[in-house]
Amino acid sequence: MQIEPSVSLMIGGKKITTRQLEVLVAVYEEGSQNRAARRLGIATPVLHRYLTQLEEKAGAPLTITSKRGTRLTREGRAVVREFMALKGRARSGESVRVGCSIITEDLLLNVLSKIDAMGPYDLIISDDERNIKDFRAGLMDVVILDDPIYAFEFEDAKWEEIAEDYLLHIKRGEKYMRFRYGAQRIGFLHLESVGKEYEILGTVRSLPLLLRPKVSFFLNQSYAAKKGLELKTFTHPQLLMHKIIAMYSDESREVERLINEMRRKRL
């Protein structure tokens, strides 16, 4: 028999069901009621009914719907954060949850293999935006950020520089593809700072899609080297240099050990 803790919330003395909370989380993460309904395997009207019931219990609007989709109000985001934090605390075990992107994946795998291959660390590979959401919700203990700008959003969190990287600028005209990973913001800010016009055609997660001919892009040098790519950068590396940041909430022995070992490694 397996026994695991469950999660529940009370708002204004009224108990919120787990299903209602899961619906709100899905809307928050998908930004659309239709997509959230598909993800949960329910009809959109059913999802809307869950939201209505939840808002009646909360006594306040939790969502705002427009032509662009559905986003959460401040109250809605507060409910999601509390629910996700409770879920994180309700997990059995004493694991240290570490989030990173494909840019720093090999660094983390090498470090974790060295310090404790069978230890308490759980590694989640995603992107900065998703990892930050999970960190804010209490689902991550440590996040390794490609873009250091995210660290300044948190007043209470601790962060340290663990590595340095730079973007390669592959220029083939004014049309650009944005890679989902890495400090892309820095590359496009550079274009704006030097008065260069550009058009972003879209965002891709796939490296082969990024490498299509006649399309410009930015790509982390460390990731290009890992993939064996020999790319000539149009912009001097010093202009596109940035720090890799480790952000954490509590400085436990396991977290300190992880960060110290990451500093010794190279991307």
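FYI, it's all coordinate maths here, none of it is from the lab. Just so it is clear, the model here is predicted, and its values are computed rather than measured. As a convention, Cβ positions derive from the backbone with ideal geometry for all residues, glycine included, and neighbour counts pool all protein chains shown.
Here are some notes:
- Counted charge near Leu231, where neighbours are those whose Cβ lies closer than 13 Å (Asp, Glu -1; Lys, Arg +1): +4
- Taking Cβ atoms as reference points and 10 Å as the exclusive limit, the residues near Ala36 contribute a net charge of 0, counting Lys and Arg as +1 and Asp and Glu as -1.
- Helical contribution to [θ] at 222 nm, DSSP H n ≥ 4, -39,500 (n - 2.57), averaged over the chain, rounded to 500: -12000 deg cm²/dmol
- Three-way shape call for the stretch 24-85 based on the alpha-carbon gyration tensor, with the a/c threshold at 1.5: rounded
- By the rule of a C-alpha distance below 19 Å, with chain neighbours fewer than 8 residues away ignored, the lysines paired with Lys133 are Lys87, Lys158.
- Label-point gap, in nm, between Lys196 and Glu75 - each point 7 angstrom along Cα→Cβ: 4.8 nm
- Site pair Ile42 and Ser113 shows an inter-label distance of 4.4 nm when each label is modelled 7 Å from Cα along Cα→Cβ.
- Among residues other than Lys175 with Cβ under 15 Å from its Cβ, the summed charge is +3 (Lys and Arg +1, Asp and Glu -1).
- For the chain, a crude dipole built from +1 on the beta carbon of Lys and Arg and -1 on the beta carbon of Asp and Glu, taken about the Cα centre, is about 1020 debye to the nearest 20.
- FRET efficiency estimate (nearest 0.05) - Cβ-Cβ, Lys265 to Arg19, R0 41 angstrom: 0.40
- Anisotropy class of the stretch 125-242 from Cα gyration tensor, a/c 1.5 cut: prolate
- Relative to the longest principal axis of the Cα atoms of the chain, helix 105-116 runs at roughly 70 degrees.
- Dipole of the stretch 118-255, positive direction: furthest Cα of Asn131, Gln221, Leu211, with charges on the beta-carbon: Leu211
- Tensor-based shape of the chain (alpha-carbon gyration tensor, a/c under 1.5 rounded, otherwise prolate or oblate): oblate
- Approximating the spin labels as points 7 Å out from Cα along Cα→Cβ, the Arg257-to-Arg212 distance works out to 4.7 nm.
- Low-density loop cleavage sites - GluC sites (Glu not before Pro) in the stretch 213-267, where at most 16 other Cβ are within 10 Å (DSSP): Glu230, Glu251
- Angle of helix 253-264 to the longest C-alpha principal axis of the chain, folded into 0 to 90 degrees and rounded to 10: 20°.
- On full extension, the segment bounded by Glu174 and Gln238 gains 20.9 nm, given 0.36 nm per residue less the C-alpha separation.
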